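Novice: Let me begin by handing over the structure; questions about it come next.
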2 protein chains.
Amino acid sequence: MNDHSHTHDHPHPRAQPHAHADLPQGDSPILVEVWRGNLVESRHRAIAAVVDAHGRVVKSWGDIDRPIYGRSSIKPLLAIPLVESGAADRYSLSEKEIALACASHSGEPGHVEAVNAWLGKIGLTADNLECGAHYPYYEPAMHDMLRGGVTPTRAHNNCSGKHTGFLSTAVHLGEAPKGYIQYEHKVQQRLVGILEQMCGTDLTGVPRGIDGCGIPTIAFPVGHHALGMAQMADPHHLPPARAAACSRILTAMSHEPWYVAGTTRFCTDIMQVTGTKAAIKTGAEGVYMGAFPELGLGFCLKIEDGNGRGAEVVMGQLLRHFDIIDADQAEQLKQSLNPTLKNWAGTAVGKITPAPLLHETAPF
Amino acid sequence: MNDHSHTHDHPHPRAQPHAHADLPQGDSPILVEVWRGNLVESRHRAIAAVVDAHGRVVKSWGDIDRPIYGRSSIKPLLAIPLVESGAADRYSLSEKEIALACASHSGEPGHVEAVNAWLGKIGLTADNLECGAHYPYYEPAMHDMLRGGVTPTRAHNNCSGKHTGFLSTAVHLGEAPKGYIQYEHKVQQRLVGILEQMCGTDLTGVPRGIDGCGIPTIAFPVGHHALGMAQMADPHHLPPARAAACSRILTAMSHEPWYVAGTTRFCTDIMQVTGTKAAIKTGAEGVYMGAFPELGLGFCLKIEDGNGRGAEVVMGQLLRHFDIIDADQAEQLKQSLNPTLKNWAGTAVGKITPAPLLHETAPF
């Protein structure tokens, strides 16, 4: 254990996980190196926190008090009302649909068909989704659409599952679906309350913005994001309906990882190996959040510059640190955890690796 | 002028531009902020150097002694032998072709046709290009190809103009074209010599890697990259053939900016406004290099994390700092210099801006 990472044996007040003394490398230490030939060509700095449901900081790098937007990484928390309200039972939602509610899916035909079928169950269509439309992330699916002259619908939006979850809750509770993405709508106000409870933080007056799909995204510290996931991972102290919802959501993600992301996606590839040991979720601008239910831990990480390639390498090291992925599995997931970079001709030209600060402390 | 940026009134030894005391924000200070709502969501750190042909550092941020790969930003320097050797005259190359030799083009039909026509002049075809093939950067061109079932050739590679320039020099000088991308080939060895002369640095034993298109990329300090461009900008002390080549290359870039990049690309949009006041060139992993010929200055900037959006904002501020772009032009180029971020539905959700350290010192 070196001076730059911290393990805390004493509990902190539950609602206030916090970082310690100034780090030599600043509030976002360099955790990822991008090599080309025999030179580090680029670097990614990050903040990361792993906490338990009591707010104890088990491991951290950088200033975990810094406020960030959780972006799509926060979707598992945003799925809570869908289950807790009884909407999931009323519409007989399967684990696939609950996984889709937590997804940033790749817009493959299977994702889009599942979203449209689910919309049918609640008596709505893709026209009720208030996210924009975009071509699928999955390139072969995008190419197929272009070749066939097919334009994307809102159901193709990577967030369409989350939006369908919001609509399901609204319809189930008798709320007008229109405007469900607005901060003032009951759907969003309910979510603000859930985030405050789960993450142990007051969201009055904090910075907020609009996410890629139109819903509000709310800023609060990295450590409190991790706390929200820790409470999902270890929900025994929560009210029974909430606790059951948390477990059902994480299990659905672990059981149906393809519905959380898609073919060749990091979240999917990882969860296919880790099973119920981990539920992980990527977000735009270099965020990952998730839970290690067997350890009762939640985590959040943010790349300072917002780059996803850096976030994946930090995420991979967290999985190694906590032995969620063992050495054999790490070998199997090598291209995800320690990617080799290839050029247009397919020649290996570099690699993305954990920086010494992250690498030297793993596994612990 | 604050403590974090430096203007040097005394000349340094020509071959050794260097940075001064440690900066409070480390060797790559935060120069760009990415805002969403009322929070800075992500940050980009950068090193930048502006120097004259005597190696005097006119302006710098961060540790300009740090070695980087110039990547595609170095193409104007790599085009020197094409002109200096007489190949450009022998094959009657126009400014369009010389601009293409410096290009990371978008693979639009006009780029690809020009490359193929040029290959014809030297008796070769796209099969002689040793870069890989990839779909055009310009999305409408890519979509058209997909719709038409057309697969990309090597001429579509964004570096195909540079490769055609290399081949032209080899053919003109009677060198076997095969293997021209290898470090040991005369084409590449000639370039190593030119970089050493222009950038005033010994490249023996320095780190090197393979670029996206297969050619060697060689690491040396940010400041020396800037010096190479300064010598192109102010070549009066160079041998006449070299000086003429430098001027012809920069003028070609300024006169034919669409051939340097393409439709809606930053380099093109900027040079269409600046004319011969600036020749700028983007490179992978967050690099820009270029020249302000009327001021006799060269520059190089590198985003620590390799992100292009950060590089464009720093580039834009350099242009403002040196009044290459005036206030009216800045307004016209607003979306390039200070981009507004929109989500999938087209709603404005954020912006990318110069950080205070960069902004406060501009213009000076």
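The values are calculated or read from the model by the stated rules, or taken from the named source; none is laboratory data. No experiment lies behind these values; they were computed from the predicted model shown. Note that we place each Cβ from the backbone using ideal geometry, even for glycine, and neighbour counts take in every protein chain shown. Ligands, DNA and RNA are stripped out before the accessible areas are found, and what is left, the full protein with its side chains, is counted by its heavy atoms. Shrake-Rupley method; radii C 1.70, N 1.55, O 1.52, S 1.80 Å.
Novice: What FRET efficiency would be calculated for the residue pair residue A:331, residue B:236, taking the C-beta separation as r and a Förster radius of 45 Å, to the nearest 0.05?
Specialist: FRET efficiency, residue A:331 to residue B:236: 0.15.
Novice: State the dimensionless ratio Rg/Rh of region A:305-364 (Rg: radius of gyration of Cα atoms; Rh: Kirkwood radius).
Specialist: Taking Rh as the inverse mean 1/r over Cα pairs, Rg/Rh reads 1.00.
Novice: Oh, and also: Please report the orientation-averaged projected area of the protein assembly as shown, defined via the convex hull of its C-alpha atoms, in nm².
Specialist: 30.5
Novice: How high is the relative contact order of region B:30-359, in percent, with contacts defined as C-alpha pairs under 8 Å that are six or more residues apart? Walk me through the numbers before you get to the answer.
Specialist: Numbers: 690 pairs, mean separation 83.3, N = 330.
Relative contact order comes out at 25 percent.
Novice: What whole-number distance in Å separates the alpha-carbon centres of region A:203-280 and region A:292-317?
Specialist: 12
Novice: Just to be sure I understand: with springs between alpha-carbon atoms less than 10 Å apart, which residue in B:335, B:188, B:317 has the highest mean-square fluctuation in the Gaussian network model of chain B?
Specialist: B:335
Novice: Further question: Residues of chain A: accessible area per residue at 1.4 Å, in Å²?
Specialist: Roughly 35 Å² per residue, with all protein chains present.
Novice: Going by amide H atoms built from the backbone, whose H comes under 5 Å of the H on residue A:345, apart from near neighbours?
Specialist: Answer set, sorted by chain and number: B:132.
Novice: May I pose another question? Please state the shape class of region B:190-274: rounded when a/c is under 1.5, otherwise prolate if a/b exceeds b/c and oblate if not, all from the C-alpha gyration tensor.
Specialist: Taking the square roots of the gyration eigenvalues as a ≥ b ≥ c, region B:190-274 is oblate.
Novice: Another one. With no other cysteine's Cβ closer than 4.7 Å, which Cys residues of the protein assembly as shown count as lacking a disulfide-compatible partner?
Specialist: Flagged as lacking a Cys partner: A:102, A:199, A:246, A:267, A:300, B:102, B:199, B:246, B:267, B:300.
Novice: Using Cα-Cα distances under 8 Å and only pairs 6 or more residues apart, what relative contact order does region A:25-102 have, in percent?
Specialist: Relative contact order comes out at 20 percent.
Novice: To the nearest hundred square angstrom, how large is the accessible surface buried between A and B, total for both chains, probe 1.4 angstrom?
Specialist: Buried: approximately 3900 Å² between B and A.
Novice: Over what distance in Å are the Cα centres of region B:65-93 and region A:51-78 separated?
Specialist: 49
Novice: Give the ranking of B:273, A:51 by solvent-accessible surface, highest area first, calculated with a 1.4 Å probe.
Specialist: B:273, A:51
Novice: So which residues in region A:38-66 end up with at least 20 square angstrom less accessible surface once the other protein chains are there, compared with the chain by itself, probe 1.4 angstrom?
Specialist: Residues losing area: A:38, A:39, A:41, A:42, A:43, A:45, A:66.
Novice: Report, ordered by chain and residue number, the lysines lying within cross-link reach of residue B:178, taken as a straight Cα distance under 26 Å and ignoring same-chain residues fewer than 8 apart.
Specialist: Filter leaves A:342, B:75, B:96, B:121, B:162, B:186.
Novice: Output, in nm with one decimal and in ascending order, the distances from the residue B:123 label point to the matching label points of the other copies (7 Å from Cα along Cα-to-Cβ).
Specialist: Listed shortest first, these distances are 7.9 nm.
Novice: OK, next. Going 7 Å from Cα along the Cα-Cβ axis for the label, what nanometre distances separate residue A:149 from the same residue across the other copies?
Specialist: Here residue A:149 shows inter-copy label distances of 1.4 nm.
Novice: Quick one: Cα centre-to-centre distance for region A:166-185 and region B:160-175, in angstrom?
Specialist: Cα centroid to Cα centroid, the span is 63 Å.
Novice: Using only alpha-carbon positions, what ratio does the radius of gyration of region A:30-359 give when scaled by 2.2 N^0.38 Å?
Specialist: Dividing the Cα Rg of region A:30-359 by 2.2 N^0.38 Å gives 0.96.
Novice: If you don't mind, there's one more thing I want to ask. Comparing the chain by itself with all protein chains present, which residues of region B:290-308 are at least 40 Å² less accessible (probe 1.4 Å)?
Specialist: Output list: B:304, B:305.
Novice: Order the peptides B:68-79, B:249-260 from the highest to the lowest mean number of other Cβ atoms within 10 Å of their residues.
Specialist: B:68-79, B:249-260
Novice: Expressed as a rounded percentage, what relative contact order does region B:154-267 have, with Cα pairs under 8 Å and six or more residues apart?
Specialist: 15
Novice: First compute the accessible area of region A:30-359 with a 1.4 Å probe, then give the percent of it belonging to carbon and sulfur atoms.
Specialist: Within region A:30-359, the accessible surface is 51 percent carbon and sulfur.
Novice: For A:124-132, what's the mean count of beta carbons from other chains sitting within 10 Å of each residue's beta carbon?
Specialist: Partner-chain Cβ atoms within 10 Å, mean over residues of A:124-132: 1.
Novice: Over the Cα atoms of region B:251-300, what is the Rg over Rh ratio if Rh follows Kirkwood?
Specialist: That ratio is 0.95, to two decimals.
Novice: How large is the Kirkwood hydrodynamic radius of region B:164-211, counting all unique pairs of alpha carbons, in Å?
Specialist: Details: mean 1/r = 0.0861 Å⁻¹.
Taking every pair of different Cα atoms in region B:164-211, averaging 1/r and inverting gives 11.6 Å.
Novice: If you don't mind, another one. Defining the label point at 7 Å along Cα→Cβ, can you sort the distances from residue B:327 to the same site in each other copy, shortest first, in nm?
Specialist: So the label point of residue B:327 gives 6.7 nm to the other copies.
Novice: Provide Rg over Rh for region B:203-247; use the alpha carbon set for both Rg and the Kirkwood Rh (inverse mean inverse pair distance).
Specialist: Over the Cα atoms of region B:203-247, Rg/Rh equals 1.08.
Novice: Need one value for A:340-349: mean number of C-beta atoms belonging to other chains within 10 Å of its residues' C-beta atoms. Mind dumping the intermediate values first?
Specialist: Values: counts 0, 3, 3, 10, 13, 12, 1, 4, 1, 6.
Across the residues of A:340-349, the mean count of other-chain Cβ atoms within 10 Å is 5.
Novice: Sticking with this one: Suppose we compare each residue of region B:195-218 in its chain alone and in the full protein complex with a 1.4 Å probe; which ones drop by at least 50 Å² of accessible area?
Specialist: Flagged in region B:195-218: B:210, B:212.
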